[in-house]
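This report refers to the structure that appears directly beneath it.
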Amino acid sequence: MHADPGIDLESTEIRADNSRIVESGRSQFHGNVEVIKGLQAIRAEVITYDKNTGLYDAEGRAHLWSKGAIWSGDSLHFNSLNETARLNDGQYWLNESLGRGKAAVIEHDSANEISILKNVKYTTCPVSNETWKLNASAIRIDHNNERASASNAIIRFRDIPVFYMPYINFPTSQKRKSGFLAPIFGTSNESGFDTQVPYYWNIAPTQDATIAPRFMQDRGVLVDTEYRYLNHDYAGSIDVEYLVRDKIKDKQDRSYIRAEHHHRIFENKGRIDILFSNLSDDQYFQDFGTTIGQSSQSFMDRKAEFVYENASYYVSALTQAYQSVNRSLPAGAKPYQLLPKIEFRKKNLPKVFALQPNFEADFTYFNRDDSLTSIRTTVAPSISYDYSKSFIKVTPKFMISHTEYFNDDPASIYEDESRTVPVITLDATLFAERDFSLMGFNLFQTLEPRIYYVYIPKVNQDNLPVFDTGTMDINPHTMYLPNRFSGGISGFGGDRIGDANRISAGINSRITSKETGRQFLAFNLGQVFHLEKREISLPNQTYSKNTLSSLFGGFDLNPQPDLTIKGSFVWNPKQTNFERKAISLDYAPNSNTLAKIAYRFTRAPHKNLDNIKQTDAVFRLPINSLPDTSIIGLWSYSIEEKKTIEAFGGLEYESCCWGLRVIGQRYLNGNKASGQSEYVTGVFIQVRLRGLGGLGKGRDPLTTRYLPEATSQF
């Protein structure tokens, strides 16, 4: 209710069909009587006003409108001097939410915006379908803070008492508020009976936290907490899980920590990113992870990075280390620490006779306990020429990469070394386009053939150590990079620069609607032609002597806005078979419906290994015969091994006032101490009574962890 800005809030206005006014006694008003004072209003069939005491007595369909609620009853008594009201056997409706109910006595203090309800019933369900309600001895409502507290409360579901609480505090509006989130009850073969009761804490507009004690029958109590903060220039989160004296793990304390911070500095030209993670033991994710992805992690990342970029230069500094989840790994199998890694790039150097000079450099200190350590520094000056027209772009480029190693080797295998390698590339792309019509659609097509040539002479590098370098998989992106090895400065590698004399040829095309701009189809093809055999390799690796690489291709088809079909393949022309192929179908007609089906195949590199053939399905499908009910699930199946890798699914019901999930899960838990993969199975139930839980974002352990593709309805 909004007051007219031209009306004095202290004044009182009375409207009625009939009135009998007594100057110094009791005045009486009959027929559609309304009394309006400030932000409050009373309405009834008959209202008597005593000027001496300031009391209003309303009878016959009496109503009171206040800032936080509407009250209704047979009779109403309102004291205009202290702005208090009392109703007997009344009903109420909260203004900021769906909350409503009945009470034997309702006392409202308008001055302090406090209401006391006795022998009260509360629900957020509609009258026609009152699924649940809360019966309490008393409820105190603070309308300013938009919170209510109930004592001696019993939650009744379909009029059956299901839960007693001596005290409960809950929000009375739809705004983000502190409070308990939907609890989860379940059981699993790993931990027995499993219960989690999350509490959401709305600390400030830019801060919140979720505290979720998790009781596991066979293990104990694990406290899962997440703190998040967000500001104009920075954001971050801290996630801590702690279990005291795990009864299954010889009463060991077990924990998981993950903290990350992102900070923009220097007027958004720079940034700082920090990540820290730690596990108490190498079996933590196997015991407490909820997906196969978590249970398969091998290393926990720890890093801090500084980046600054302006129109003249780019500089970054990174320190990075890892905690090994699998502590049985030998020291030589663990990744190196970067202490630090510094990259520098000079930008927009002045042209010389239309030639564009560039300069890149990096410096990295590699460290690992009881192992070779080294400082590797690389400088890479280059010069290029850009010839650009609306229909073509050609860029020849010449670069020199020089690297120095300063090694400290306890085994006296690697001495200080250096390497200088020239790199010549020529990149040419043609841009063509056309308009055409098909099946009544006005379409626009682009065609972009691309030729990329690279020449790198063979420079022996067998005497160089390997710190951060691996072989890159050739695909439609990497086929246009000069180096087939990763690591170091992007484009020409770290510990190896591969010899090359090759031509990469590819073509991209897109077809879009001229009216809407929606893309109907995109596809690409590409292949590499080797003019000479490759000899530079990593230790214990060799390369195919084939002149032609595999043929790469892919497509993205959108026959209608809610349907996407994607596919890709790698075809080996010599073996005349597929090395890899994948196809997926995504259907999402609305926010409540999602279906995704995918298949992928990867041929094993050796005959003694198994091919990978896997299907995946993710879905949320409404059940038409059951309103507000959906089937949700995820299923990953290995065709080659004929077994399920991961499965999650169940029913989800969400109405205007309550929700229910019944979820089952089963996933393959690898890296167990026994060395054998085992299945983890569990069943979980989650119930939410809308209006009794915290209304913050919070974490949703069921859907967001298992089904990230689907938007949670809870």
Can you give the extra length, in nm with one decimal, that the chain gains between Asn145 and Ile272 once fully stretched, where that is 0.36 nm per residue apart less the Cα-Cα distance? 42.0 nm
Spin-label model distance (nm) - Ile612 vs Glu641, 7 Å beyond Cα toward Cβ: 1.2
Compute, for region 12-175, the length of the dipole vector about the Cα centre, with Cβ point charges of +1 (Lys, Arg) and -1 (Asp, Glu) only. Units Debye, rounded to 20. 460
With a cap of 13 neighbouring Cβ atoms within 10 Å, and only residues DSSP puts in a loop, list the trypsin sites (Lys or Arg not before Pro) found in region 82-177. Arg158, Lys175
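Using DSSP to define loop residues, name the chymotrypsin sites (Phe, Trp or Tyr not before Pro) in region 404-494 whose beta-carbon has at most 16 other beta-carbon atoms within 10 Å.
Tyr414, Phe431
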Using 0.36 nm per residue of separation minus the Cα-Cα distance, give me the extension gain between Lys389 and Ile238 in nm, one decimal. 49.3 nm
Long-range amide H partners of Arg502 with built H, under 5 Å: Val454, Leu531
Based only on other Cβ atoms within 10 Å, what is the fewest-to-most ordering of Ile612, Ile663, Ile139? Ile612, Ile663, Ile139
Report P(r) for region 506-656: all Cα-Cα distances, bin width 5 Å, range 0 to the bin holding the largest distance, values in whole percent. 2, 8, 11, 13, 14, 14, 12, 10, 7, 4, 2, 1, 1, 0
Rounded to the nearest 0.05, what FRET efficiency is calculated for Lys118 and Asp50 with R0 set to 30 Å and r the Cβ-Cβ distance? 0.70
What is the set of long-range amide H partners of Leu181 at a cut-off below 5 Å, with H atoms built 1.01 Å from backbone N? Tyr199, Tyr200, Gly694
Asn189 paired with Asn358, simple spin-label distance in nm, labels 7 Å along Cα-to-beta-carbon: 5.5
3J(HN,Hα) from dihedral phi, region 573-587, Karplus parametrisation 6.51/-1.76/1.60, rounded to Hz, x for glycine, proline: x, 6, 7, 6, 8, 7, 7, 8, 7, 8, 8, 9, 10, 10, 10
Sorted by Cβ neighbour density within 10 Å, fewest at the top, the residues Lys389, Lys397: Lys389, Lys397
Can you list the residues of region 41-82 with backbone N under 14 Å from a point 7 Å past the Cα of His30, pointing along Cα to Cβ? 45-48
Just to be sure I understand the curve: with the Debye formula and one point per C-alpha of region 12-175, what is log10 I(q)/I(0) at q = 0.13, 0.16, 0.20 Å⁻¹? -0.63, -0.88, -1.22
Can you bin region 45-85 into rounded, prolate or oblate? Criterion: square roots of the alpha carbon gyration tensor eigenvalues sorted a ≥ b ≥ c, rounded for a/c under 1.5, prolate for a/b above b/c, oblate for the rest. oblate
Where the only charges are on Cβ atoms (+1 Lys, Arg; -1 Asp, Glu), what is the dipole of the chain about its Cα centre, to the nearest 20 debye? 1520
Step through the residues of region 122-137 one at a time and calculate ³J(HN,Hα) from phi using the Karplus curve (6.51 cos²θ - 1.76 cosθ + 1.60, θ = phi - 60°), rounding each to whole Hz and writing x for Gly and Pro. 9, 7, 10, 7, x, 4, 6, 8, 7, 5, 9, 8, 10, 9, 9, 5
Most exposed first, judged by fewest Cβ atoms within 10 angstrom, Ser568, Ser137 run Ser137, Ser568
Given the -39500 (n - 2.57) contribution per DSSP H run of 4+ residues, what per-residue ellipticity at 222 nm results for the chain, rounded to the nearest 500 deg cm²/dmol? -500 deg cm²/dmol
May I ask you to list the lysines whose Cα is less than 18 Å away from that of Lys269, ignoring any residue fewer than eight positions away on the same chain? Lys346, Lys347
Please work out the FRET efficiency for the pair Ser437 and Tyr679, using the Cβ-Cβ distance as r and a Förster radius of 51 Å; give the result to the nearest 0.05. 0.40
Contact order normalised by length for the chain, with contacts defined as Cα pairs under 8 Å and 6 or more residues apart; what percent is it? 7
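Which loop trypsin sites (Lys or Arg not before Pro) in region 199-293, with loop taken from DSSP, have no more than 12 other Cβ atoms within 10 angstrom of their Cβ? Don't skip to the answer; put the middle values down first.
Numbers: sites: Arg214, Arg219, Arg228, Arg245, Lys247, Lys249, Lys251, Arg254, Arg258, Arg264, Lys269, Arg271; in loops: Arg219, Lys247, Lys249, Lys251, Lys269.
Sites meeting the loop and neighbour criteria: Lys251, Lys269.
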Residues of region 102-128 with amide N under 18 Å of the 7 Å Cα→Cβ point at Asn152: 102-107, 116-122
Give me a comma-separated list of calculated 3J(HN,Hα) values for region 96-102, in order, Karplus coefficients 6.51, -1.76, 1.60 applied at θ = phi - 60°, integers in Hz, x for any Gly or Pro. 9, 7, 8, x, 7, x, 10
How high is the relative contact order of region 12-175, given as a whole-number percent (alpha carbon pairs under 8 Å, six or more residues apart)? 11
Can you give the three extents of the C-alpha atoms in the chain along their principal axes, from longest to shortest, in whole Å? 111, 67, 52
Pseudo-spin-label distance Val466 to Asp159, built 7 Å along Cα→Cβ, given in nm, is 7.5
Anisotropy class of region 176-220 from Cα gyration tensor, a/c 1.5 cut: prolate
Stretch gain in nm, segment Asp370-Arg264, where the contour uses 0.36 nm per residue and the Cα spacing is subtracted: 34.4 nm
Rounded, prolate or oblate: which fits region 112-249, taking a ≥ b ≥ c as square roots of the Cα gyration tensor eigenvalues, rounded meaning a/c under 1.5, else prolate when a/b beats b/c? oblate
Set the bar at 29 Å for Cα to Cα. Now go through Lys533/Lys642; Lys303/Lys607; Lys118/Lys175; Lys397/Lys514; Lys133/Lys247; Lys393/Lys581 and name every pair that lies beyond it. Lys533/Lys642; Lys303/Lys607; Lys397/Lys514; Lys133/Lys247; Lys393/Lys581
I'd like the FRET efficiency for Leu81 and Ser19, computed as 1/(1 + (r/R0)^6) with the beta carbon distance as r and R0 of 22 Å, rounded to 0.05. 0.55
Given Cβ charges of +1 for Lys and Arg and -1 for Asp and Glu, the option among Phe520, Tyr414, Val680 whose Cα lies farthest towards the positive end of the dipole of the chain is Phe520
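Just so you know, all these numbers are worked out from the coordinates, no wet-lab data involved. Since the model is a prediction, treat every value here as computed from it, not as a measurement. We place every Cβ from the backbone using ideal geometry, glycine too, and count neighbours over all the protein chains shown.
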